[in-house]
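Have a look at the structure below, then the notes.
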Amino acid sequence: MDDFEIIEPTRDQISVKDSRTSNPIGTHREIVHAVAGNMDKIIDIAKDIVDIEKMKVQSSAMLAKMAEDRKMLLAEAEAYVAKKNADTHNVVQRMRVIQDLLRDFYVHNQASASGLSGEDFSRIITELLTRTE
Amino acid sequence: MDFSDVIDALKYVSSVAKESEYLKCVEDIRQSGLETLRVEASARREKQSAAIKALHSFDIEMVKLRVILGLAKQNRTESESTALENCISDLEKQRARLVQDKRSV
């Protein structure tokens with residue numbers, strides 16, 4: 001028992017202990033006070049964050065729409081070219097048929113040989129025009 | 001550095017981030033707009049090229065037709081003449097439509 005000595009707690013140790021136990025309330029009050037005092041700035045920060053997200057969403061929506069527009073433009077041009085080529089082919093074929101008719105029955109003067117009268121020729125031309133329109 | 005300083009720093013960072021995001025969005029949209037203009041011009045060129053090709057094909061066939069028609073002129077009766085005139089008039093209308101198409105592209 002001679003090796004051990006009972007020491008009374010000093011004032012410093014007590015004060016440290018006290019500060020540890022009383023701090024949560026004090027800190028909480030300080031935080032509430034600081035937040036209240038800076039509420040307008042905190043709201044501004046939140047507003048900035050919301051604005052950034054809003055800009056990102058609006059921007060990506062606009063970019064997606066533009067990409068869609070580009071696709072539409074290309075598809076439309078492709079469809080136009082295909083239709084125009086088909087129409088041209090159709091008209092050219094029609095004109096070639098008329099040329100062949102004229103060549104066969106007039107230039108080579110084979111109307112009488114084939115038995116095709118002028119009225120028949122007129123009818124064929126009219127039908128050709130009606131069918132290919 | 002107290003709480004107020006931290007808030008001020010965060011506010012500064014958020015405003016810088018907002019500005020930077022705004023500039024990035026504007027630049028992205030500008031680039032996309034330019035790309036759309038390029039695609040639009042290319043599509044228009046493609047369509048005009050098809051329209052011009054159609055017109056040329058038509059004109060070549062029309063010339064051939066007129067040549068043959070001139071050769072056949074002497075043998076035409078009245079009804080044949082009317083049929084051929086109708087045919088030519090119809091083809092002329094088609095040409096006008098092709099020209100209109102080319103202009104509208």
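Rounded to the nearest angstrom and ordered from largest down, what semi-axes does the equivalent ellipsoid of chain B get from its C-alpha gyration tensor (root of 5λ)?
Working from the Cα gyration tensor, I get semi-axes of 71, 11, 5 Å.
Just to verify a number: FRET efficiency for residue B:42 and residue A:28, C-beta to C-beta distance, R0 = 45 Å, to 0.05?
Computed FRET efficiency for residue B:42 and residue A:28 comes out at 0.10.
Could you work out how far helix B:3-72 tilts from the main Cα principal axis of chain B, as a 0 to 90 degree angle to the nearest 10?
10
Tell me which of B:50, B:4, B:33 sits at the most positive position along the dipole axis of region B:1-57, charges placed on C-beta atoms (Lys, Arg +1; Asp, Glu -1).
B:50
Between residue B:86 and residue B:104, what is 0.36 nm times their sequence separation minus the Cα-Cα distance? Round to one decimal in nm.
Once the chain is fully extended between residue B:86 and residue B:104, it gains 3.8 nm.
Among B:105, B:62, B:14, which residue has its Cα positioned farthest towards the positive end of the charge dipole of chain B, with +1 placed on the Cβ of Lys and Arg, -1 on the Cβ of Asp and Glu, and the dipole taken about the Cα centre?
Looking along the dipole axis, the top candidate is B:62.
Working from Cα positions, state the angle (0 to 90°, nearest 10) between the long axis of helix B:78-104 and the longest principal axis of chain B.
Around 10 degrees separate the two axes.
Please rank B:87, B:25, fewest neighbouring Cβ atoms within 10 Å first, as an exposure proxy.
With the fewest neighbours first, B:87, B:25 line up as B:25, B:87.
Based on the alpha-carbon set only, what is the convex hull volume of region B:1-61 divided per residue, in Å³?
It comes to 34 Å³ per residue, whole-number rounded.
What is the average number of partner chain Cβ atoms found within 10 Å of a Cβ in A:28-40?
Shielding by partners across A:28-40 averages 2.
Rule-based calculations on the coordinates, nothing more; no lab input. None of the values given here were measured: they were computed from a predicted structure. All Cβ positions, glycine included, derive from the backbone under ideal geometry; neighbour counts span all protein chains shown.
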